[in-house]
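The values are calculated or read from the model by the stated rules, or taken from the named source; none is laboratory data. Note that the structure is a prediction, hence the values are computed from the model and not measured. As a convention, Cβ positions derive from the backbone with ideal geometry for all residues, glycine included, and neighbour counts pool all protein chains shown.
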Amino acid sequence: MDLHYTDAQEAFRDEARSWLDAHVPAPRSLPSLDTAAGFEAHRAWEAALAADRWSVVSWPEEFGGRGVGILEWLVFEEEYWRAQAPLRVSQNGVFLLAPTMFEFGTDAQKQRFLPPMASAAEIWCQGWSEPDAGSDLAGIRSRAQRSDDEGGWVLSGQKTWASRGAFAEWCFGLFRTDPEAERHRGLTYFLIDMATPGVTVRPIPQIDGESGFAELFFEDVFVPDELVLGEVGKGWNVAMATAGTERGLSLRSPARYSRAAERLVDLYADCLDRDPDRARRSADSVAQAWMDAEAYRLNTLWTATRVLDGGSVGPEASANKIHWSQTDLSIHRAALDLLGPEAEFHGDGVDAPWLDGFLFALAGPIYAGTNEIQRNVVAERMLGLPRG
Amino acid sequence: MHFAFTETQLEFRDAVRQVLAKECTTDDVRAAYEAPAARTGRWDTLAQMGITGLAVPEAHGGLGLGLVDLVPIIEEAGRVVLPEPLAMTAGVAGPLLADVNTTAAGGNAHVVRWLEGVASGDLTAAVADARYPKLAVAGADGADLLLLVADGPDGPELHGLDATDAPVISVPSLDPTRRLGEPAWVPSPESLLASGAVAAWCIARTADRAAVATGAELLGLADAMITRTAEYAKDRQQFGKPIGSFQAVKHLVAGAQVLLEFARPAVYGAAWAIDEGTGDTARAASVAKAYASDAALEAARISLQVHGAIGYTWECDLHLFLKRSWALAEAWGSAADHRARLIDSLLAGR
């Protein structure tokens, strides 16, 4: 057992830190990525990252990465969050679609899509949920009908809660290609150009008033065969396969929470000066939040080692998702309690990042599979309890 | 970076698991409830496997290994509610005596004999928590060796006595195998092991080791409780189906499992930090013990709830696990104690 990073990994850290220190924009200087201006500002930041090959360090060099391993990726993330660099506008593509494309994509698809994903020239949204298919994802009804004449598929239906959907250029989505098949079969995974005729986007203002996600309407949208990812009818397996591998690990890096927990301790120390009674009442929850972040860091290193030794993440990915979403909330809830009556201030003060962060954290137990669904997975697949 | 146990460590653990599955059934634990005894054939088996001396230096008959090697084995002890004081003797007393023995200013004529006794399994030990020098000590009733703490002119002092030199008054515990005892003793120059800075160093290291060793035992207990409860929920039928098919039950069990999943690396990482002598062992030990205590308490809570009335009976084995969990959750610092210790450390480190 060894929890030290190697000298080479530390050298990689130094290189990343130097670059980030020289290039990261001032904290919170970019407009929200859920506005049109902010979307473009974040795209420009990611283009700068990509220009020096820092946007997708774990990808092979031919697609814009550095070909480093998962531990180096974790080191890079530690430095990224330490530098208070912007949120990643391309994260749906980079963290959700790319691992799937590496596993199931054709060479042509990888060549076509991965480089512009790395540079944020093309930003992706996810078209999975539908108005009547949220937690019950296999109940999706949007359809793709075969068009042999044109060599492709004609999509119709409605998707919703597509993060970044208001501004994204591309969408990866699940559509029903065989209405006769059992629910989990008969689905196919499509890559869809949002500029295709028949695609209508209706942005949905989120709890903070900004258009973080959108409804997508598909009316006879033609998608050629070369934009099917994986086999026709195997969309469910394609979508779920990477959940148990690296993606189960890389959706949320621990550095994000370690950094927030450090800031929480700073806030606690300030509060001890200003309002010691209030601070002491929150001491236990501040310590708990810090521990939650630290436990997540250690669990990630534990899981990363297992993956590097040839194992998989498996249903533990569900335990992971429950933990990080709760950690994010516990950190921000503790911060708001320390701020007390100032917690509701929503200007540009020191409190604003905590309130924004809290609103963001609220979504965590809901997206990427609600925590209730994840608990079912833990109970059924880790402990063998019977399906209901 | 390679955060995993070695094949050898896991094989050792598996061997211990096999032995304990045979030699420490719940009937055996019930027998220990009726007639608590420090030394048993089971203890001798563990000693012959080298486990009691695992963390004792080779020069004194041990294997010279560390807490990382011991933690998976202590987990197995927790899994079967082992009545004997393995975590305290092998995980805490042995390394503490070794610490004392390496300091020129510490020790007495008996330290080497005791180290050898721990390694051979001839001695069981009880170690006092320095924060509660006047309280009953777990395992003291029946232990061969007592490692105790007294107030001295230069702060806390560390003392060691053969049990034959200190009559112990038995104190009842909810878990009788804890064998709480109040030693009737007077600190003397003969019993003194360390004072001043050396004692403070030994006591601090002991507190961290004991927190992590106890945390490991709690991991085993939590795992055993969750496993038993999942099995029960698969068998027990209500409304015409297994209760484990209901989400209300699934979510209770899953919540405990998630806590356990995250407690494990916290305990393993702290054991590594202690063996490695990194600068943040106290923080790591606090995260480990707080997480392990909370995980075991939650596992205990949901286990009783899912078992329902049968879990509340003497007949059902569950209470053996519950009582040990409740005791160990508080021993060597509760979760809240460790969170308080952590926040002080975080502030001091800014």
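When every residue of region A:356-374 is checked against the conditions, none turns out to be in contact (Cβ under 8 Å) with a residue 60 or more places away in the chain and surrounded by 24 or more Cβ atoms within 10 Å (Cβ to Cβ). Here residue B:52 passes the criteria (1) touching a residue at least 24 places away in the same chain (Cβ under 8 Å); (2) within 14 Å of chain A (Cβ to nearest Cβ) except the one numbered (2). Report, ordered by the first and then the second residue, all pairs with beta carbons closer than 6 Å, sequence separation of six or more or different chains, a first member in region B:321-350 that is more than 13 Å from residue B:215 (Cβ to Cβ), and a second member that is of a type in the set (Asp, Glu). Hits for this filter: B:323/B:175; B:324/B:175; B:327/B:175; B:339/A:284. Entry remark, region B:1-40: residues being of a type outside the set (Gly, Ala, Ser), without any contact (Cβ under 8 Å) to a residue 40 or more places away in the chain and within 14 Å of chain A (Cβ to nearest Cβ) number 5 in total. Of the numbered criteria (1) within 30 Å of residue A:184 (Cα to Cα); (2) touching a residue at least 12 places away in the same chain (Cβ under 8 Å), the one residue A:27 fails is (1).
Quick one: in region B:43-93, of everything that is of a type in the set (Gly, Ala, Ser) and part of a helix (DSSP H, G or I), which residue is farthest from the chain's Cα centre (by Cα)? Break it down into steps so the answer makes sense when it comes.
Within region B:43-93, the first condition is being of a type in the set (Gly, Ala, Ser), and the residues that meet it are B:47, B:50, B:53, B:55, B:59, B:61-62, B:64, B:66, B:77-78, B:87, B:90-91, B:93.
If we keep only those that are part of a helix (DSSP H, G or I) as well, we get B:47, B:59, B:77-78, B:87, B:90-91, B:93.
Values: B:47: 17, B:59: 25, B:77: 9, B:78: 8, B:87: 4, B:90: 10, B:91: 8, B:93: 11 Å.
Selected residue: B:59.
For region B:207-218, check the following and say yes or no: at least one residue is in contact (Cβ under 8 Å) with a residue 40 or more places away in the chain, within 9 Å of another protein chain (Cβ to nearest Cβ) and either part of a helix (DSSP H, G or I) or of a type in the set (Lys, Arg) (or both). No: region B:207-218 contains no residue that is in contact (Cβ under 8 Å) with a residue 40 or more places away in the chain, within 9 Å of another protein chain (Cβ to nearest Cβ) and either part of a helix (DSSP H, G or I) or of a type in the set (Lys, Arg) (or both). Touching a Cys at 6+ places or on another chain (Cβ under 9 Å) and either more than 20 Å from residue B:288 (Cα to Cα) or at pLDDT 95 or above (or both): does that describe residue B:81? The answer is yes for residue B:81. Of all the residues in region A:27-68, those that are assigned to a loop (DSSP other than H, G, I, E, B) and either away from chain B (no Cβ under 14 Å) or at pLDDT below 95 (or both) number 22. The selection criterion, being loosely packed, with under 13 Cβ neighbours inside 10 Å and of a type in the set (Asp, Glu), holds for residue A:180. Determine whether region A:145-161 contains at least one residue that is touching a helix residue (DSSP H, G or I) at 6+ places or on another chain (Cβ under 9 Å), assigned to a strand (DSSP E or B) and touching a residue at least 40 places away in the same chain (Cβ under 8 Å). Taking every residue of region A:145-161 in turn, at least one turns out to be touching a helix residue (DSSP H, G or I) at 6+ places or on another chain (Cβ under 9 Å), assigned to a strand (DSSP E or B) and touching a residue at least 40 places away in the same chain (Cβ under 8 Å). Have a look at B:66, B:121 and point out the one that is within 14 Å of another protein chain (Cβ to nearest Cβ) and either of a type outside the set (A, V, I, L, M) or surrounded by fewer than 24 Cβ atoms within 10 Å (Cβ to Cβ) (or both). Selected residue: B:66, the only one of B:66, B:121 that is within 14 Å of another protein chain (Cβ to nearest Cβ) and either of a type outside the set (A, V, I, L, M) or surrounded by fewer than 24 Cβ atoms within 10 Å (Cβ to Cβ) (or both). More than 30 Å from residue A:205 (Cβ to Cβ) and of a type outside the set (D, E, K, R): is that true of residue A:371 in this structure? Judged against the criteria, residue A:371 is not a match.
Restricting attention to region A:82-102, the residues being more than 15 Å from the chain's Cα centre (by Cα) and either touching a residue at least 60 places away in the same chain (Cβ under 8 Å) or assigned by TED's automatic domain parsing to the domain that holds residue A:228 (or both) number 5.
For region A:45-68, give me the residue count where each residue is among the small types (Gly, Ala, Ser) and more than 19 Å from the chain's Cα centre (by Cα). Even if it seems obvious, please write down each step before you answer.
First, the residues of region A:45-68 that are among the small types (Gly, Ala, Ser): A:47-48, A:50-51, A:55, A:58, A:64-65, A:67.
Checking the rest, the ones that are also more than 19 Å from the chain's Cα centre (by Cα) come to A:48, A:51, A:64, A:67.
Final tally of qualifying residues: 4.
Consider residue A:284 carefully, then state whether it is assigned by TED's automatic domain parsing to the domain that holds residue A:371, closer than 21 Å to residue B:285 by Cα, out of contact with any Asp or Glu (no Cβ under 7 Å at 6 or more places or on another chain) and assigned to a helix (DSSP H, G or I). Yes. Has region B:108-123 got any residue that is among the small types (Gly, Ala, Ser) and modelled with pLDDT under 95? Yes: region B:108-123 contains one or more residues that are among the small types (Gly, Ala, Ser) and modelled with pLDDT under 95. The condition of being part of a strand (DSSP E or B) and either in contact (Cβ under 8 Å) with a residue 24 or more places away in the chain or more than 15 Å from the chain's Cα centre (by Cα) (or both) does not hold for residue B:96. May I ask you to verify whether residue A:311 is touching a Leu at 6+ places or on another chain (Cβ under 9 Å) and modelled with pLDDT under 95? For residue A:311, the condition - touching a Leu at 6+ places or on another chain (Cβ under 9 Å) and modelled with pLDDT under 95 - is not met. A single entry from A:325, A:312, A:330 fulfils the requirement of being closer than 29 Å to residue A:1 by Cβ, assigned to a loop (DSSP other than H, G, I, E, B) and either over 18 Å from the mean Cα position of the chain (by Cα) or within 14 Å of chain B (Cβ to nearest Cβ) (or both): A:312.
Only one entry in B:108, B:101 is in a loop (DSSP other than H, G, I, E, B) and either more than 16 Å from residue B:52 (Cα to Cα) or within 19 Å of the chain's Cα centre (by Cα) (or both), namely B:108. Being basic (Lys, Arg) and surrounded by fewer than 18 Cβ atoms within 10 Å (Cβ to Cβ) is a description that applies to residue A:146.
Check every one of the helices (runs of 4 or more DSSP H) wholly within region B:241-333 and list those with 2 or more residues that are more than 24 Å from the chain's Cα centre (by Cα). Lay out the reasoning, then the answer.
Working: elements: B:247-276, B:281-307, B:318-330.
Once the helices (runs of 4 or more DSSP H) in region B:241-333 are filtered for at least 2 residues that are more than 24 Å from the chain's Cα centre (by Cα), what remains is B:247-276, B:281-307.
For region A:346-361, the candidate set comprises residues that are in contact with a helix residue (DSSP H, G or I) (Cβ under 7 Å, 6 or more places away or on another chain) and not small (Gly, Ala, Ser); within that set, the residue that is nearest to the other protein chains (Cβ to nearest Cβ) is A:354. Reported count of residues in region B:255-279, each being more than 10 Å from chain A (Cβ to nearest Cβ) and either without any contact (Cβ under 8 Å) to a residue 40 or more places away in the chain or in contact with a Gly (Cβ under 7 Å, 6 or more places away or on another chain) (or both), is 2.
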